[in-house]
Structure formats: structure tokens, C-alpha cells
1. Using only the alpha-carbon atoms, what does the range B:3-46 span along each of its principal axes? Please give whole angstrom values in decreasing order.
2. May I ask for the net charge around A:Ser459, where only other residues with Cβ less than 11 Å from the Cβ of A:Ser459 are counted and Lys, Arg are +1 while Asp, Glu are -1?
3. If one computes the Cα centroid of the range A:521-562 and of the range A:350-391, what distance in Å separates the two points?
4. Explain nothing, just the number: relative contact order of chain A, from Cα pairs under 8 Å at least 6 residues apart, as a whole percent.
5. How would you order A:272-282, A:510-520 from highest to lowest mean count of nearby Cβ atoms within 10 Å?
6. Return the distance in nm (one decimal) between the two label points of a simple spin-label model at A:Ser488 and A:Glu306, each offset 7 Å from Cα along Cα→Cβ.
7. Rg (Å, one decimal) plus Dmax (Å, integer) for the alpha carbons of the range A:202-302?
8. If r is the Cβ-Cβ distance from A:Ser254 to A:Gln461 and R0 is 25 Å, what FRET efficiency results, to the nearest 0.05?
Amino acid sequence: MANKTDKKTIPKTYLAKTRTGITGFDEITDGGIPKGRPTLVCGEAGAGKTLFAIESIIRGATEFREPGVIITFEEKAEELQTNVASLGFDLIKLQKENLIKIDHVQIERSEIEETGEYDLDGLFIRLGYAIDSIGAKRIMLDTIENLFSGLQNQSILRAELRRLFGWLKEKGVTAIITGEKGDGNLTRQGLEEYVSDCVILLEHRIMNQISTRLIRIVKYRGSQHGTNEYPFLIDEDGISVLPVTSLLLDKKVSSQRVSSGIPALDKMLGGKGFFAGSSILVSGTAGTGKTSIAANFAKATCERKEKCIYFAFEESPDQIVRNMNSIDLNLGKYIKAGLLHIQASRPSLYGLEMHLVAIHKKIKQFKPRTVIIDPITNLVTVGSMAEVKSILVRLIDFLQSEGITVLFTALNLVANTKEQSDEGVSSLVDAWIMVRDIENNGERNRGLYIMKSRGMKHSNQVREFIITDHGIDLVPVYLGPDGVLTGSAREAQQLDEVTGVELKTHELGRKDREIARKRLVLEAKIASLKEEFESVQESLNKSYLEDDLKKEIMNRNRKQLTQERNNHNTANDKNK
Amino acid sequence: MPKKTEYVLRLYVTGASPNSIKAINNIKSICEIYLAGKYALEIVDIYQEAEVAKKEQIIALPLLIKKFPLPEKRLIGDMSETEKVLKGLGLQS
């Protein structure tokens, strides 16, 4: 049994502890309550003392197989069974299995006459019998102070109580004793005097009409323990204590990247998106689309088949699903697939601390890879800025230690808070995206900036953030001579540019055609000159030919004449 | 003639502790003086019958329960304060 309760790092000489099984409590006490010794749980009426004790006994029996005895001085066994049944504990079954034994000690003053010296051996015998019959390792006494109202002889009672606790220690059972808070004392009868090993104080504080349950370890002899007040929650699963996780900066980090769900935004973040396990803040004024960015991130997570939990402090789950449908984002199917869980609650439901406990608990249960809190600003309604910041520090710390990526949205109430986010959490987060209204020419447009993104190259450009029926897109803004243009001004500018191009091409065409025409004219001229030249040449050739022909004909004629003359001469000669 | 038992008393003690012995002696003498012949006294050692402690809602010991006549009455202590014992048994107002 000792191996079970001791942590492996704890040396043997270290005070042995018994785990209570109460969520978070064993962490703040570094292992639970002292083993084999009595622990006093005190607080005002309704602070949760009985529940604390009962849960320790029942969880001891069910989770650690340590049988336990419940000695109740107030409620009857049947009442107790009904009370814890609502927390899902079946006391009747546990009693049958001999894991739990209940003894209701009833004292009625009117029936008792004191006639001299007595002792509480009857009680001892009953306790001893109950413990031995099931081999109990744990016992609770709720509330032993009732003895004081039933019996008159205080000196006997005190001596007997001292003997009782000594006896319990000797028996080696881990005892949990409850006691109601008295004036100036932790308990009415000063039980803390007898139970000196471990004293736990439960409180129920109301601030601004919002109640917060707090647990504090007043004393823990022989052990180090947290001295803070830790908030705790009582719900359908019993008590959950929120440990303030170590504020050492020794978390493991991941260099894995996760998509933001908006391709254009990923591109601005070095092309790959956020670091897994980092914290992201999306801040902006009202209606700038913070929830849409958050929903896209949720979608991207679910698309990777990872779980995402969405804490909504403004809208109901149905509202979010409906609204996101309008930008073609079907969150409903992820909810059905069990990948997405939307947890909606009003910030004023309970105090800040309780919100943190509730968030913790949900995260532990659902084991998401991504957590979205939308928006953190609303928490300010139940706490001061400083408180919210401290809560967020603890939350971020917890999430990062679990390697969960978290995205917060924050509403900037004033449009010109360019430099600081409201909660001052900007220094805590790893990436900060800001969505801002850009008002120009009578219309509002959204500009998206990456204010910071640790450990990665990111765009320094302002992008215009457009929400359409098909989702979110980012477009580069137009940097004109008059500055940054967005919305219709950007569109007009783009149109202007298109027109300009059109005109230019037209102009070019005209010039080209003129040149072509000029060429045609030139070519025509060249052709006619050529024709002219050819005709001159021809006429010249013609005269040459005529001359030749004339010469030839003359030559022939001359020859003929010469021949004819010769012939005539011969004839003359004959006649002679 | 047969004696009528008007008083049914049961004394719970724890073995032979000083208080137990004192209580046994005291109640016996009180009974002999005030209820001679009309009482039945049963002495139970709780150590032997631990179950009874739960059943009878026993806390402080020694405990004397007056089972009869009704109403049932419980007296705790070593029965040394005779006045109170008599008052508890309804023998003295």
C-alpha cells in the first residue's frame, strides 16, 4: 500500500501519504493527507466538509481499494446514501462489498443522565469493531463535535478525544475529522488542538455576489505544502481542486506547426501557421470577425482529426453553429463526430477561479489538442483586470504544460488601442493577431495584422480581412498615393488599373495600325516607281531594237542593191 | 409468593475497568436498597458483544438502560451520584 501512495522520487523517510482521490487535492498536498494520522477538515456550514471527507473515503475504497469507515454524528446512513447517490456513488453496493461501513452515532441529550465518571469506550468499541470488520484503512468522523452537545462533562470529553486520536493513530488508520468553524477558532471546540498533523480549511466566499469555494492547507506537519488558497468546485463529480501549476518556465515546446484554417493567414505566418502548443491572441473591436477566425481554427483542428474544445462566453453552441454556417463553416458535423465540444456559460455563472477550475476539468476530461476561449474580455465582468490576468497566466501555463494550443479572443473596447490588448496578456501569448476597423469613404473594412509571432518569420503587411459566404479570405490592401485603400476604394482602384491597361493596349493598337498603313502606302509607291522604271526601260529597249532592225533592213537592202547592180553589169557585158 | 419484576435494567460495561467495577457495585447496592425484590439487572460486557454497541447506540460507558417501566432511560457514569441515579430511575423526583 505504501508503494502506491508514495511517489517514486520520495525517499522512504518522507512522511507517508494517503491519496484522497479528490481531483487536484493530491497535487497541492504533494500526495494527499498524512497516512495513518488524523486530518482535520474545518469550515463553515455548507463549505463542503462532509463531502470532502466522504469523497476521500469512497474514492479510497473504489480507486485505491482501501476500505473505509464512515462514522456520522449528524446524518443517518440512509440520508448519507441518498446524498452521495447524486454524485454517482453507490454506498449500498460498497457496503455489501465490505468496502465501506457506515455507523450513525446518535446522541440525544435529553435521554441521558450523567451519574459520575465515565469514558467513551462505547464509541471506541464501535469504531474498533467497524474498522476491524472490514479491515478499514480510512475513517471519517463527521462531526465529532456533536459529542459536546450530547454530553456535559467537558473535561472527560476532551480527555477522551485526545485518547481517541491517539488510539486511531495507533491503529494506523487515516482519519478525516470534520469540524465546524467557531469564533476565533478553526473549530468550535478547538479540535485543532488534538489533530495536529494536518488541518484543512474550506471556505465559501462571496465577492460581488459571486461565490467562490476555497481550500487552504492551514497546517501540514512534516510535509511541504502549498499555502495558497486554492479554488475548488463541487459539481456532479464531486470536488475538484485547482492546483496552481508551477510557474517555472520549463515547459517542453514543439516545433510542429498547425494551420490556422485560413490559408492566407498561414501564408502570413511563414507559410505554415502557428506552433503547436502555443498561445494565440486574436484581438479586435466589436464585429471584426474574431469568432470567425476562432471557428476556422477549430475547423482546422477537427480536420486534422484532433479534438477541440470551444469555451464560449457570449454565444450559445447553437448560435455559434448557425452563425458559422453563414460563412460556409459547418461546425455541426464536427460536434457530431465528437471532435468539437462547445462549452457555453455566462461569465457571471460563477467566479473567475471557478471558471478556471471548470475549464481545467473540461480539458482534463475531453483531452483536446486545441482550446478556444471566446472571449476572455467577458471575464472581466466577474473580476478585475489584474485577476483576469492572473487567471490567464495560470491557464496558459497549464495548457502549455499539456501541449495544448490555445486561442483567445479579446474585445478591444476602444478602437485605438493599437498597442495593448485589454487584458495585458499580449506579453504572455506567443502570437498576437489583431483585427482592426479601417474606416474610409463612409465604409468600415477590416484590416488584419500580425502584431507578433514568436519564433517564426511573419508578414509585416496589413491584409484586408474579408468575410464572404464561402469563408474568410485575406487580400493585400492597395497601397495607393493616398495611403492604404480597402474595401470599395480598393476595388475602385483595381478597376482603375484595369481601365488603364485597357486604354493603353488600345492606344498601342492604333499606332500599330498606322504604321501598317504607312508601310502599305510606301510599298505602293515603291511599286509604282518600279512600274515607271520598267516602262522607261522598255521604251528605251524598244528604240534600240528599232535601230537594230532598221540597220539590219538597210544592210539587207544595200546588199540587195549591190547584188542587183552587179547582175545588171554582167548583162551589159554580154550584150556588148 | 412470587416477586414481581417491575424494573428491567441493563448495565453495559467494559470488562473489568475501574469505572465498570464501580458502576456494578454502585447499581447493585442502589437496587438492593430501593428496589429489593422487584428488579432484574443484566450486566453486559460490551467487549464481548461489539455489535450491540452499534445497535444500542452506545457511546459513553458505563451505561445503564432502564428498559422498563417506560419511558426508556439512559444513565451513564459510574453510578456514584446516587441522587442522579434515583432520579434517572424515576425513584425520586
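1. 32, 18, 9
2. +2
3. 113 Å
4. It comes to 12 percent, rounded to a whole number.
5. The packing order, highest mean first, is A:272-282, A:510-520.
6. 4.2 nm
7. 20.5, 59
8. 0.40
No value in this document is a laboratory result; all are computed from the given coordinates. As the structure is a computational prediction, the values presented were derived from the model and not from experiment. Heads up, the Cβs are rebuilt from the backbone with ideal geometry, glycines too, and the neighbour counts pull from every protein chain shown.
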